[in-house]
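Q: Please find one structure pasted underneath; my questions will follow.
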Amino acid sequence: MAELPEYLTDQTEERIRQRMLDSLPSDLDKSEGSYIWDALAPTAAELAQAAIWAQEVLRRGFASTTFGPYLDLRCAEHGVERRPATPATGKVRFVGLPGVIIPAGTRVATPGDPVTRTPSVEFRTVADVTLDSAGQATVDVQATVPGASGNVGAGAITLVVDGTPGVASVTNPAPTTGGADAESDEALLARYFLKVRTPATSGNAAHYRMWALDIPGVGDAKVYPLWNGPGTVKVRVIDVNKKPASPELVAQVAAHIEEERPIGASVTVEPAKGVVVDVTATITLASGYVLNDVQQAFAAKLTEHFASLAFKQYYVSYAQVGALLLALPGVLDYSALALNGAAANVMMDEESVPVLGTVTLST
């Protein structure tokens, strides 16, 4: 990436003050602490500060060095808008007395954890629901605050915030999904460069990828022109976590492309195929470290690594996984490392992305 030139970086307070002193007659007392030196010092300091401001204005004027709202303005010049945060959605099951009506907008939540300082995550029901003869009912919910924090695991929602007489409990049988934070500067800049550097015209492959990336929650897309003959296009989509997109996200992408595509094109939008990779190994643990903590840290590193491979590298490297394990604090050595039961790379086709399965470490 291009770097800014050394513009005005030499305009320090000392240099500016010295130039001002040098412009005065030589028979004047210009030593430090003199009347003239003290009179010019504040001006020199302000001019040096102005040079720093000018450097900052220059930095904020270019897409590759700007940030936040200034990047928004730069991108907007080319029709690229920051994707907003989206709320997670899912289903919850209420249990209570038969016939009880639970109104739309009823709030349910996960419990907060004061030890880890994990805040409660709140959801609202999106429709009225009546408990059936068995005293149960399932209804859709949506997180009250958009963002990835709304993606919670199965069974995490256990609190009824808005108490309804006759309701005994609530839970979510499956994880909530689809929550995504507002697009980061890094991701927005990547889409900006995609727009200005890759000609996207007349429904070419770059155009389809851009249309897919327009949708909040999409992490990337891969386009396959003529995949099923003339006039056909297939688009594989992954979410912001670089995992296969959910059916809801795929539907949003398909609907948007349908509005934008050229007449006559037959478009198929599908999630990327997920290749589950289970990892096992035996490690030599350093003194003072807990196996479960190291295992969780390893899983986090693998999740990050797998995300970096999506649509870029079509295999999971056995050697790279081993290097990640050995680099973990607390791991002195390892043996019997296996990916899906084998000491070998896990191969994928170009329509697939790796998805972390189980991670099992032993000593």
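Quick note: the coordinates plus some simple rules give every number you see, no bench work behind them. Values in this document were obtained by computation on a predicted structure and should not be read as measured data. Neighbour counts are summed over all protein chains in view; Cβ atoms, including those assigned to glycine, are modelled from backbone coordinates with ideal geometry.
Q: Are any of the pairs Lys242/Lys301; Lys195/Lys222; Lys242/Lys312; Lys195/Lys242 more than 18 Å apart by Cα-Cα distance, and if so, which? Kindly include the intermediate steps, with their values, before the conclusion.
A: Values: Lys242/Lys301 14 Å; Lys195/Lys222 15 Å; Lys242/Lys312 11 Å; Lys195/Lys242 21 Å.
In this structure, Lys195/Lys242 lie more than 18 Å apart at Cα.
Q: Karplus couplings for the stretch 339-353 from phi (6.51 cos²θ - 1.76 cosθ + 1.60, θ = phi - 60°), rounded to Hz, Gly and Pro as x?
A: Those phi angles translate into 10, 6, x, 10, 8, 7, 5, 9, 8, 9, 8, 6, 9, 10, 10 Hz.
Q: What percent of all Cα-Cα pairs in the stretch 13-60 falls in each 10 Å bin, counting up from 0?
A: P(r) over the stretch 13-60, rounded to whole percents: 27, 44, 20, 9, 1.
Q: Pulled fully out, how much extra length does the chain show between Ala319 and Ser335, if you take 0.36 nm times their separation in residues and subtract their Cα-Cα distance? Don't skip to the end; give the middle numbers.
A: Values: separation 16, 0.36 × 16 = 5.76 nm, distance 1.24 nm.
This chain segment gains 4.5 nm when fully extended.
Q: May I pose another question? Sequence gap at least 6, Cα distance under 8 Å: using those rules, report the relative contact order of the stretch 89-171 to the nearest whole percent. Walk me through the numbers on the way to the answer.
A: Values: 190 pairs, mean separation 35.1, N = 83.
Once divided by the residue count of the stretch 89-171, the mean separation gives 42 percent.
Q: Output wanted: per-residue J couplings in Hz (rounded whole) for the stretch 42-49, from phi through Karplus 6.51 cos²θ - 1.76 cosθ + 1.60, θ = phi - 60°, x for Gly and Pro.
A: x, 5, 4, 5, 5, 5, 5, 5
Q: Order of Leu159, Leu328 from fewest to most other C-beta atoms within 10 Å?
A: Numbers: Leu159 15, Leu328 18.
With the sparsest Cβ surroundings first, the list reads Leu159, Leu328.
Q: A further question on this structure: Which order do Lys242, Lys273 fall in if you start with the one that has the fewest other Cβ atoms within 10 Å? Don't skip to the answer; put the middle values down first.
A: Details: Lys242 21, Lys273 14.
So the residues, fewest neighbours to most, are Lys273, Lys242.
Q: While we're looking at this one, here's another question. How high is the FRET efficiency between Asp113 and Thr144 when r is their beta carbon distance and R₀ equals 30 Å, given to the nearest 0.05?
A: Values: r = 19 Å, r/R0 = 0.62.
With R0 = 30 Å, the Cβ-Cβ based efficiency is 0.95.
Q: Also, I was wondering about something else. Towards the positive end of the charge dipole of the chain, with charges on Cβ (+1 Lys, Arg; -1 Asp, Glu), say which of Ala54, Ser64, Ser184 has the farthest Cα.
A: Ranked along the dipole, the leading option is Ser184.
Q: A further question on this structure: Please pull out the direction-averaged projected area of the chain, using the convex hull of its alpha-carbon atoms, in nm² to one decimal place.
A: Numbers: hull surface 121.3 nm².
Result: 30.3 nm².
Q: In addition: Across the stretch 16-29, in residue order, what do the Karplus-derived ³J(HN,Hα) couplings come to in whole Hz, using 6.51 cos²θ - 1.76 cosθ + 1.60 with θ = phi - 60° and x for Gly and Pro?
A: 5, 5, 5, 4, 5, 5, 5, 7, 8, x, 6, 7, 8, 7
Q: Find out how many positive minus negative residues lie around Thr171, taking Lys and Arg as positive, Asp and Glu as negative, among other residues whose Cβ is under 14 Å from that of Thr171.
A: Details: positive: Lys91, Arg93; negative: none.
Counting the neighbours of Thr171, the net charge comes to +2.
Q: Another question about this same structure. What is the local net charge at Val359, summed over the other residues whose Cβ is closer than 15 Å to its Cβ (Lys, Arg +1; Asp, Glu -1)? Intermediate results must be reported in sequence, preceding the final value.
A: Details: positive: Lys301; negative: Asp278, Asp293, Glu304.
Neighbour charge sum, excluding Val359 itself: -2.
Q: Got a sec? How would Ser169, Ser133, Ser317 order by Cβ neighbour count within 10 Å, fewest to most?
A: On the way: Ser169 11, Ser133 7, Ser317 16.
Listing Ser169, Ser133, Ser317 from fewest to most nearby Cβ atoms yields Ser133, Ser169, Ser317.
Q: Can you give the relative contact order of the chain as a percent, counting alpha carbon pairs under 8 Å and 6+ residues apart? Present the calculation step by step, with values, prior to reporting the outcome.
A: Numbers: 694 pairs, mean separation 43.7, N = 363.
Once normalised by length, the contact order is 12 percent.
Q: Let me ask something else about it. Under 5 Å between amide H atoms, partner at least 5 residues away or on a different chain: which partners does Ala137 have, H built in plane at 1.01 Å?
A: HN-HN under 5 Å from Ala137: Phe94, Asp132.
Q: Search the structure for amide H atoms under 5 Å from the amide H of Gly166, placed 1.01 Å from N in the peptide plane, and list their residues when 5 or more places away or on another chain.
A: Residues meeting the criterion, in which the H sits 1.01 Å from N, do not exist here.
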